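Before any comments, here is the structure.
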Amino acid sequence: MKTNKLVKILSLAISLTLSFALLAGCSNNGDTSRQIPDEGDTSAVEIKVGVCAGPYEDMFREAIEPSLKEKGYTLEYVQFSDYVQPNRALDAGEINVNIFQHSVYLKNFSEEHGLDLVHITEIPTAGMGIFSDGTASIDKVQDGAEVAIPNDVTNLARAIRVLEQAGLVRLDPDVDPAEATQYTLSENPKNLKFVEIEAPQLPRSLESVDLAVINGNFALDAGLNLSDALFNEKLQEGYVNVIAVRAEDENAEFAKDIVSTVHSDAFRSVIEDDSKQYVSFFRPKDYEQ
């Protein structure tokens, strides 16, 4: 009898222990159900945004972030100091989205480095400008003037095309404009001399050159006013800035919510605010849609 009682007591103790263990596994501390939110549920989703300091980070914070927060997202910004790491970090999954580049650069960079990245929407863009500390107008550019241009392939070609738009050079018609360089000119009537510099450093070069063709974001970041440029770029297709994600995330809920925000009245109200820097930016063709 005593042996049977002991067996029953031990069995009951084991059953109670297993029951408590199963209950503990279902408690809040062990709940993993929030790791994969239901469709349309964004309360558990954090978006890591890759940015280069300047107007596009400002744009995301001021014109996009508020609407995403209203939808329940949390955001973290990861800053980069060059044009290379934001795409590498995106491909590696270290960030979810980046905002700093135009679609031509994204396409070329992705193909060159074997990355599967896509853009989900265009955004208002600060075009390149020809700036000078000592020249009053394009008509006053001196013979033999030294011109600083970006040293990365895509923006270098773009800068040469801006100089052509301004009437300072003429491209060889037999050369693909996307591959234009200072060595593919058919005409250089002012005998301009070119200095290739990393794009972020172009504003600093104004102290040592006659002209500099500067990306709009770097010009603004350096305190330059786009309206003070001797000439402003007329943006061509492919050179409007974009928001990029991994191809696998193109149809993800967070990507769709970013796109809908960029095409919302709330976004446009920030862009059209006369007190903000975006009011002079080039508008994408689907800006009103």
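Of all residues in the range 108-135 being open to solvent by 70 Å² or more (accessible area, probe 1.4 Å) and in contact (Cβ under 8 Å) with a residue 60 or more places away in the chain, which is farthest from GLU207 (Cα to Cα)? It would help to see each step written out before you state the result.
Here is the first cut: in the range 108-135, the ones open to solvent by 70 Å² or more (accessible area, probe 1.4 Å) are 111-112, 116, 119, 133-134.
Subset that is in contact (Cβ under 8 Å) with a residue 60 or more places away in the chain: 116, 119, 133-134.
On the way: ASP116: 40, HIS119: 36, ASP133: 7, GLY134: 9 Å.
Of everything passing the filter in the range 108-135, ASP116 is farthest from GLU207 (Cα to Cα).
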Response to the item:
Of SER103, SER67, SER110, the only residue that is hydroxyl-bearing (Ser, Thr, Tyr) and more than 26 Å from ASP265 (Cβ to Cβ) is SER110
Fill in: Residue in the range 236-289 that is least open to solvent (accessible area, probe 1.4 Å), counting only those that are farther than 16 Å from PRO55 by Cβ, among the charged types (D, E, K, R) and assigned to a loop (DSSP other than H, G, I, E, B)
ASP286
Worksheet item: What's the number of the condition VAL104 fails, among (1) closer than 20 Å to VAL213 by Cα; (2) more than 13 Å from the chain's Cα centre (by Cα); (3) at pLDDT below 95?
Response: (2)
Worksheet item: Which of (1) more than 25 Å from LYS285 (Cβ to Cβ); (2) assigned to a helix (DSSP H, G or I) is the odd one out, the single condition ARG161 does not satisfy?
Response: (1)
Worksheet, complete the sentence: Residues of the range 141-181 being among the aliphatic types (A, V, I, L, M), open to solvent by less than 60 Å² (accessible area, probe 1.4 Å) and closer than 21 Å to LEU106 by Cβ, in sequence order, are ILE149, LEU156, ALA157, ALA159, ILE160, VAL162, ALA178, ALA180
Discussion item. Can you pull out every residue in the range 182-209 that is over 19 Å from ASP152 (Cα atoms), open to solvent by 70 Å² or more (accessible area, probe 1.4 Å) and not in a strand (DSSP E or B)?
Written reply: PRO189, ASN191, GLU207, SER208
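The values are calculated or read from the model by the stated rules, or taken from the named source; none is laboratory data. What you see is a predicted model, and the numbers here were worked out from it, not measured in a lab. Virtual Cβ from ideal backbone geometry, glycine too; neighbours counted across all protein chains shown. Each accessible area value is taken on the protein alone, full model and side chains, heavy atoms only, with ligands, DNA and RNA left out. Shrake-Rupley method; radii C 1.70, N 1.55, O 1.52, S 1.80 Å.
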